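*Asks:* Can you keep this structure in mind? I'll have questions shortly.
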Amino acid sequence: MKTIIANWKMELGVRESVALARGVLRGLRGMQDVPNILVAPTFPALFEVSKVLGRSRVQLAAQTVHTEEQGAYTGSVSAKVLKEVGVQAVILGHSETRAMGETDEDVHQKVDLALRHGLHVIVAVGESMATREAGETEGFIHDQIKTIFTGIHPTKRHTIYVAYEPLWAIGSGKVPSIQDVSSVHTAIKQQLDELDILDVSVLYGGSVIPENAYEFLNHSSVDGVLVGGASVRIKSLMELIHLASELS
Ligand code: 13P
């Protein structure tokens, strides 16, 4: 089954997030093969969206979490509180949170914490254009995966998603070739196998729109897509969901 993760970033308010979540549930009515769907609203919308999603097949994700369990961390949100408001998964290591100072070591700590709290994790990795042009993409991603996942021991209850999101593809309208995506995904899967982290879903993210999604979703090395801009409008989000449904 293919996965669609909708990262709503800081694009929508509470009412808009609720309306979009309701729209997705309406759009799924009568659908034969519903793909695996997760939506990640902004923090203040999580509780309201969780009430809308209820026991539906659409899962709720947060966009980050703090490294520590609890304490004097002004402006931060803990894994425990995320669970309390109905969150099931969390995005970690996104380039936009990395740009605010999140390191691979932080992501490692957050993965460990999130798993201990029973959250699924969506870990983003990806290279800059300079790294790609220097021919160092695979080495760079190898180092990211090594730091983040060494010593992590998920159980069968946990789902681990790794999203390959090249920094230069996010919000730019540029996408890598499917050959490039495929070779990075294959390397990620192999490395995680070696770390004894099995059954990982490897997703592609960066400028995914309904017009280019087929090529990614149709490829056997791509388990799904992590979508920003095209996921905040019901029309394009449902088009992506329908495509994933057909290819599941
Ligand atoms: P865009 O789909 O807007 O390029 O964003 C990708 C992304 O960052 C998803 O997490």
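*Asks:* Would you list the P(r) distribution for the chain, with all Cα-Cα distances sorted into 5 Å bins from 0 and each bin expressed as a whole %?
*Replies:* 1, 6, 15, 19, 21, 18, 13, 6, 2, 0
*Asks:* Next question, about the same structure. K235: which lysines have alpha carbons under 25 Å from its alpha carbon, excluding same-chain residues fewer than 8 sequence positions away?
*Replies:* Straight-distance partners of K235: K2, K9, K51, K174.
*Asks:* Dipole of the chain, Cα-centred, from +1 at each Lys and Arg C-beta and -1 at each Asp and Glu C-beta, to the nearest 20 debye? Can you show the working numbers first?
*Replies:* Numbers: 22 positive and 29 negative charges, 267 e Å.
For this selection, approximately 1280 debye.
*Asks:* Treating the beta-carbon of each Lys and Arg as +1 and of each Asp and Glu as -1, no other charges, what is the dipole magnitude of the stretch 100-171 about its Cα centre, to the nearest 20 debye? Walk me through the numbers on the way to the answer.
*Replies:* On the way: 6 positive and 11 negative charges, 109 e Å.
Dipole about the Cα centre, nearest 20: 520 debye.
*Asks:* What are the aspartates and glutamates whose alpha-carbon lies under 19 Å from the alpha-carbon of K83, with same-chain residues fewer than 8 places away excluded?
*Replies:* E48, E68, E69, D112
*Asks:* Express in nm, to one decimal, how much length is gained between D196 and K174 on full extension, taking 0.36 nm for each residue of separation and deducting their alpha carbon distance.
*Replies:* Values: separation 22, 0.36 × 22 = 7.92 nm, distance 3.34 nm.
Full extension from D196 to K174 adds 4.6 nm.
*Asks:* If you don't mind, another one. Which of the trypsin sites (Lys or Arg not before Pro) found in the stretch 74-141 are in a DSSP loop and have at most 14 neighbouring Cβ atoms, other than their own, within 10 Å?
*Replies:* none
*Asks:* For the stretch 1-111, divide the Cα radius of gyration by the Kirkwood radius and give the resulting Rg/Rh value with two decimals.
*Replies:* Rg/Rh for the stretch 1-111 comes to 0.99.
*Asks:* Which one of V184, T150, V18 has its Cα pushed farthest toward the positive end of the charge dipole of the chain, where Lys and Arg give +1 and Asp and Glu give -1 at the Cβ?
*Replies:* Most positive-ward Cα: V18.
*Asks:* Kindly sort R233, R15 by accessible area of their heavy atoms, largest first, with the probe set to 1.4 Å.
*Replies:* R15, R233
*Asks:* Assign unit charges at the C-beta atoms only (+1 for Lys and Arg, -1 for Asp and Glu), then state the dipole size of the stretch 121-248 relative to its Cα centre in Debye, rounded to the nearest 20.
*Replies:* On the way: 8 positive and 16 negative charges, 88 e Å.
Around 420 debye, computed over the stretch 121-248.
*Asks:* Amide H of W8 versus every other amide H placed in the peptide plane: which residues, excluding those fewer than 5 positions away on the same chain, fall under 5 Å?
*Replies:* Excluding prolines and chain starts, which carry no amide H, the hits are A40.
The values are calculated or read from the model by the stated rules, or taken from the named source; none is laboratory data. No experiment lies behind these values; they were computed from the predicted model shown. Please note: Cβ atoms are built from the backbone with ideal geometry, for glycine as well, and neighbour counts cover all protein chains shown. Each accessible area value is taken on the protein alone, full model and side chains, heavy atoms only, with ligands, DNA and RNA left out. Shrake-Rupley method; radii C 1.70, N 1.55, O 1.52, S 1.80 Å.
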